[in-house]
Amino acid sequence: MDQFKITGGTPLHGELPVSGSKNSALPALAACLLTEEPVTLRRIPQVKDIATMEQLLSHTGAQLTDDDGTVTVNARSLDNPEAPYDVVKTMRASSLVLGPLVARTGRARVSMPGGCAIGARPINLHVSALEQLGATIEQSHGYVEAQAPAGLQGATIHFDRITVTGTEDVLMAAVLARGETTIRNAAREPEVKDLAELLIAMGAKIEGAGTSIIHVQGVERLHGAEHTIIPDRIEAGTFLLAGAVSQGDILITHCNPEHVAALIVKMQKAGADIEEVSNCAIRVRFSGRPRAVDVTTEEYPGFATDLQAQYMAWMTVAQGISFITETIFENRFMHTQELARMGANIRIEGRQAIVAGEDHLTGAQVIASDLRASASLVLAALIAQGETTIDRVYHMDRGYERIEQKLAAVGAKIERIAA
Ligand code: EPU
């Protein structure tokens with residue numbers, strides 16, 4: 001297992017370009033299963049989760065070419081509409097193929113995801129929404145088997161709670177269902193809107209994506225299309241924090257500032273100098289210790305749960321005490337124990353982390369527990385005095401493209417040690 005060796009204390013200076021969004025690219029790839037014609041997607045990030053999704057599409061019978069981030073999927077024949085356990089266990093977003101497969105082929109067999117480092121993460125909401133669209137669903141031997149031999153039928157679906165991939169899964173199913181579907185309490189994340197834009201380019205009739213009510217008028221078939229994936233807002237947010245924690249001056253490019261607005265407001269309150277240089281570039285400058293500023297994670301446009309761990313890394317050296325409340329996942333504080341090994345003072349009370357800022361962190365050997373936790377540890381290592389070794393960076397490789405190269409290019413002392 002690869003490790004990162006990072007020596008902290010160097011301010012980062014220069015430009016950090018943002019890659020295409022992993023969480024947009026994953027449903028976009030799944031959406032390619034909805035048509036017999038080729039779909040070309042640009043700006044697909046070269047990260048492990050994408051490779052896993054590509055492997056899954058190939059398993060179903062689709063053919064793919066990937067030319068440095070431009071992926072063409074040809075799903076003319078889908079002989080094997082199945083997502084096996086071996087794939088799903090490494091990436092829960094595999095459940096995104098459930099909706100497209102049952103809509104396109106009338107059947108799908110997808111392994112149930114098991115436990116997860118950040119919470120239980122069931123797919124009951126995906127399943128019940130597809131049932132409302134007329135699919136018959138059985139769960140046995142660890143698999144969800146969906147059947148809709150006569151096709152799906154539009155319906156009104158009201159999600160009990162907001163689910164991002166659940167909204168995406170049912171949206172992909174609804175575009176080929178007969179009649180009209182209304183999705184209420186839909187996720188408003190930019191990734192849902194991006195997916196809808198791809199589907200519309202493929203011939204789908206969708207209104208309201210990006211709001212909490214989405215209307216879909218089903219069509220008989222979709223056609224090929226070309227689409228460019230939006231910038232990764234979580235990578236952009238991680239870079240904003242990298243600029244601040246290292247007390248540097250960073251220009252983040254190829255991003256959408258609006259998508260990280262909730263983080264920017266908090267960082268400005270904490271003292272960072274952040275300037276929207278254009279509609280695709282943000283400059284961050286900071287020196288000294290931040291003020292302690294509380295955050296509560298929420299669905300978009302609130303503060304993203306996927307940035308909670310990284311933000312906490314900065315608050316470990318704040319002046320004062322910050323309260324960081326996680327409302328989306330029940331177990332997303334695994335990074336706190338590792339941050340504590342670096343000198344952070346954090347107490348967990350239920351869904352709240354109480355972070356008492358220290359004046360410095362010290363490098364240590366730590367272990368990454370999940371994707372965003374690993375980013376948090378990288379940021380903490382940039383703050384810390386001395387050397388930090390981060391183990392299990394395969395978590396980081398799931399979602400950050402060439403991260404050590406990007407950070408090294410702006411002056412970070414970071415090195416990958418291959419296992
Ligand atoms: N939930 C259910 N039942 C369901 C679905 C969700 O109870 O059927 C619960 C979850 O357990 C969770 C909450 O609802 O407590 C919200 O989960 P959601 O379904 O929105 O999460 P997701 O779609 O599985 C996506 C991102 C995550 C991100 C969350 C929240 C992708 C591929 N994943 O997950 O990204 O944290 O939305 O914004 O889009 C990451 O990139 O590191 C990551 C974990």
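The values are calculated or read from the model by the stated rules, or taken from the named source; none is laboratory data. Note that the structure is predicted; figures quoted are calculated from it, not measured. Cβ placement follows ideal geometry from the backbone for every residue including glycine, while neighbour counts extend to all protein chains displayed. The protein model used for the area step is the full one, side chains on, heavy atoms only, and it has no ligands, DNA or RNA in it. Shrake-Rupley method; radii C 1.70, N 1.55, O 1.52, S 1.80 Å.
In this structure, the amide hydrogen of residue 82, modeled 1.01 Å from its nitrogen in the peptide plane, lies closer than 5 angstrom to those of 109, counting only residues at least 5 positions away or on a different chain.
Dividing the alpha-carbon radius of gyration of the range 119-275 by the rule-of-thumb value 2.2 N^0.38 Å gives 1.27.
In terms of overall dimensions, the range 318-419 has a Cα radius of gyration and Dmax of 13.9, 40 angstrom.
Taking all protein chains together and a 1.4 Å probe, the residues 324, 274 rank 274, 324 from largest to smallest accessible area.
Just need the Rg to Rh number for the range 53-109, please, alpha carbons only, Kirkwood Rh. With Rg and the Kirkwood Rh in hand, the quotient comes to 0.96. Under Stokes-Einstein, with the Kirkwood radius over Cα pairs as Rh, the value for the range 1-105 at 4 °C and 1.567 mPa s is 86 µm²/s. Across the options 353, 367, 379, the greatest Cα extent toward the positive end of the charge dipole of the chain (unit charges at beta carbon of Lys, Arg, Asp, Glu) belongs to 353. Percent of C-alpha pairs per 5 Å bin in the range 213-329, short distances first: 2, 11, 20, 20, 16, 10, 6, 5, 4, 3, 2, 0.
Between the exposed loop cleavage positions of the chain, defined as GluC sites (Glu not before Pro) in a non-H, G, I, E, B DSSP state with at most 13 neighbouring beta-carbon atoms within 10 angstrom, the longest gap is 1-219.
Across the range 32-49, computed HN-Hα scalar couplings (Karplus, 6.51 cos²θ - 1.76 cosθ + 1.60, θ = phi - 60°) run 4, 6, 7, 9, 7, 8, x, 10, 10, 10, 9, 6, 7, x, 8, 10, 4, 4 Hz from first to last residue, x flagging Gly and Pro. Please list, by residue number, every one of the trypsin sites (Lys or Arg not before Pro) in the range 38-128 that is coil in DSSP and has at most 13 other beta-carbon atoms within 10 Å. The qualifying sites are 76.
For the chain, the C-alpha radius of gyration divided by 2.2 N^0.38 Å, with N the number of residues, is 0.98. Applying D = kT/(6 pi eta Rh) to the range 276-349, where Rh is the Kirkwood radius over alpha-carbon pairs, T corresponds to 25 °C and eta to 0.890 mPa s, the Stokes-Einstein value obtained is 179 µm²/s. The charge dipole of the range 352-418, taken about the Cα centre with unit charges on the Cβ atoms of Lys, Arg (+1) and Asp, Glu (-1), comes to about 240 debye, rounded to the nearest 20.
What value does the range 110-194 have for Rg/Rh, both radii from Cα atoms and Rh as Kirkwood defines it? Answer for the range 110-194: 0.97.
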